[in-house]
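Right, one structure below, let's go through it.
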Amino acid sequence: MEHGKVTEDLVRLMQATDYAARQHVGQRRKGERAEPYVNHLTEVATLLAETTGGNDPVLVMGGLLHDTIEDTGVTFDDLRQRFGPEVAALVVEVTDDKSLPKAERKRLQVETTPHKSRRAKLLKIADKTSNLRGLVTSPPTGWTRERLRDYVDWAEAVVRSCRGLNAALDAAFDRAHAEAWARFNA
Ligand code: ZN
């Protein structure tokens, strides 16, 4: 990279980071450490940036913004205006229908993810990797071992439905999964 040159993509990535941090302000992760929610978003985006060699800014922006529609007041049109139609469409693809019961939403992720775009699949794998890491470093208080194990199994089922596109990302998931599995099945 040329020194002293801030590219247009970098500016847009920083804008997406700033926007995501503002939209999720006040939200915390479920775990006992109650980490700021934005840590999850930057972890997912970093995983995507690293495993795709920095070649897909739309995917990385999608990683930063992937929970905005689901968990904040942001709409598809807001994202389209600020970050363009590709980013907005990607976020919609990974957004659950919150009018459905939780169990149904989880079942649908396993069923529908194999039919989604390449970017949506990569984003799902990065999301589940971050969530499994979070379960190990900061398990949610009040979750039984059975609930933790169920989450680990479900995350694996979602990733099994869409893996095989990026070996580095699959490997990152496998490491997180192996650690979580060992922890909660010991
Ligand atoms: Zn997420």
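The values are calculated or read from the model by the stated rules, or taken from the named source; none is laboratory data. From a predicted model like this one, the values you see are computed outputs, not experimental measurements. All Cβ positions, glycine included, derive from the backbone under ideal geometry; neighbour counts span all protein chains shown.
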(message) Which numbered condition in (1) free of Cβ contacts under 8 Å to residues at least 40 places away in the same chain; (2) away from the ligand (no atom under 16 Å from the Cβ) is the only one that LYS98 fails?
(response) (2)
(request) Give THR42, THR17 a once-over and let me know the one that is modelled with pLDDT of 95 or more, in contact with a Ser or Thr (Cβ under 8 Å, 6 or more places away or on another chain) and within 13 Å of the ligand (Cβ to nearest atom). (result) THR42
(message) Need the failing condition index for TRP154 against (1) within 16 Å of the ligand (Cβ to nearest atom); (2) touching a Phe, Trp or Tyr at 6+ places or on another chain (Cβ under 7 Å), just the number.
(response) (2)
(message) I'd like to check something: does the stretch 130-148 contain any residue that is surrounded by fewer than 19 Cβ atoms within 10 Å (Cβ to Cβ), touching an Asp or Glu at 6+ places or on another chain (Cβ under 6 Å) and part of a helix (DSSP H, G or I)?
(response) yes
(request) Name the single residue, out of those in the stretch 45-72 being over 12 Å from LEU122 (Cβ atoms) and in contact with a Leu (Cβ under 8 Å, 6 or more places away or on another chain), that is nearest to the ligand (Cβ to nearest atom). (result) ASP67
(message) Restricting to the stretch 115-129, count the residues that are in contact (Cβ under 8 Å) with a residue 40 or more places away in the chain and either surrounded by fewer than 20 Cβ atoms within 10 Å (Cβ to Cβ) or more than 16 Å from the ligand (Cβ to nearest atom) (or both).
(response) 2
(message) Just to be sure I understand, how many residues within the stretch 53-71 are surrounded by 19 or more Cβ atoms within 10 Å (Cβ to Cβ) and not in a helix (DSSP H, G or I)?
(response) 2
(request) Mind listing just one residue for me: the one in the stretch 30-39 that is in a helix (DSSP H, G or I) and more than 10 Å from the ligand (Cβ to nearest atom) and, of those, surrounded by the fewest Cβ atoms within 10 Å (Cβ to Cβ)? (result) ASN39
